[in-house]
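Participant: One structure, as structure tokens, below. Some questions next.
Derivation of every value follows stated rules applied to the coordinates shown; laboratory data play no part. Note that this is a predicted model, so its numbers are computed, not measured. No Cβ is skipped: glycine too gets one built from the backbone with ideal geometry, and neighbour counts run over all protein chains shown.
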Amino acid sequence: MESRLVGFRVIVAGLGTISAATGFAAEATRVKASDVYIEGDSCFYPSSPALALGIVAAVFAIVTRIYITVTYGGNSCCRSDPNSTPYSKFLYVLSWVASIIAVVLLLAAAEINNEAGEQFDSYGYVTCYVVKPGIYALGAVLALLSAVFGIAAYVTLVSSTQNTTNPPIASPVAAGIDLEKSSNVQQ
């Protein structure tokens, strides 16, 4: 059981780290407002790997979520599992929320980063779209938190399962039994 727990931690931590690293790389390479130039009525964007990095970060966040869900036991947060504690359910739900928000942020930022259009404001000026600073980074942090919450939920579930399946062995001293008085050995 211990090797399965270590394997789960390593896989989820690895997937979460890859998702976060690519999200931070997308943040570092995103198109900034100073990079966009306007010629006539058109916005021209330089090429940037942020689109691909954002999509890769979102895909790894989704793969992490799928692995956590399959390993954790599907929808075990919502069923009445005797081994599940409210704390493990809470962590599992936090993991879900963090991963959903992370994927939405990463994909939305990737879409905006790929935006090659322009819009005219009410005064007739051209407005070009760029990703605001910190959107990719926030998605990366939430993807990492999703992995951390998923690991914590699984660890609390497994530890509560071990506590119920392997109750501690009561020692005679802890039970208040005097071994010398209860022995049948005659002197």
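Participant: Taking R0 as 30 Å, what FRET efficiency do you get between residue 87 and residue 132 from their Cβ-Cβ distance, rounded to the nearest 0.05? All intermediate terms of the calculation are to be shown ahead of the outcome.
Facilitator: Values: r = 35 Å, r/R0 = 1.18.
Efficiency computed from Cβ-Cβ geometry: 0.25.
Participant: Moving to a separate point now. What would the Debye formula give as log10 I(q)/I(0) at q = 0.13, 0.21 Å⁻¹ for the alpha-carbon point model of the stretch 28-70, no solvent?
Facilitator: Computed log10 I(q)/I(0) values: -0.46, -0.72.
Participant: First measure r as the distance between the Cβ atoms of residue 120 and residue 28, then evaluate 1/(1 + (r/R0)^6) with R0 = 45 Å and state the FRET efficiency to the nearest 0.05.
Facilitator: Numbers: r = 31 Å, r/R0 = 0.69.
The value I calculate is 0.90.
Participant: Turning to a different aspect of this structure: Around residue 49, with a cut-off of 15 angstrom between Cβ atoms, what is the net charge of the other residues, counting Lys and Arg +1 and Asp and Glu -1? List each step's numbers first, then the result.
Facilitator: Numbers: positive: 30, 32; negative: 27, 35.
Neighbour charge sum, excluding residue 49 itself: 0.
Participant: Ok, one more. Could you please tell me the mean projected area of the C-alpha convex hull for the stretch 4-60, averaged over all directions and given in square nanometres to one decimal?
Facilitator: On the way: hull surface 17.2 nm².
Average of the hull's projected areas for the stretch 4-60 equals 4.3 nm².
Participant: Using mean Cβ contacts within 10 Å as the protection proxy, how do 90-100, 7-17 order, highest first? Let's see the in-between values first.
Facilitator: Working: 90-100: 19.7, 7-17: 17.2.
Highest mean packing first, the order is 90-100, 7-17.
Participant: Let me ask something else about it. Quick check: the distance between the Cα centres of the stretch 1-25 and the stretch 95-158, to the nearest angstrom?
Facilitator: Here the answer is 20 Å between Cα centres.
Participant: Residue-wise, which Karplus ³J(HN,Hα) couplings in Hz belong to the stretch 151-156, taking 6.51 cos²θ - 1.76 cosθ + 1.60, θ = phi - 60°, and x for glycine or proline?
Facilitator: Once θ is set to phi - 60°, the couplings for the stretch 151-156 become 5, 4, 5, 5, 5, 5 Hz.
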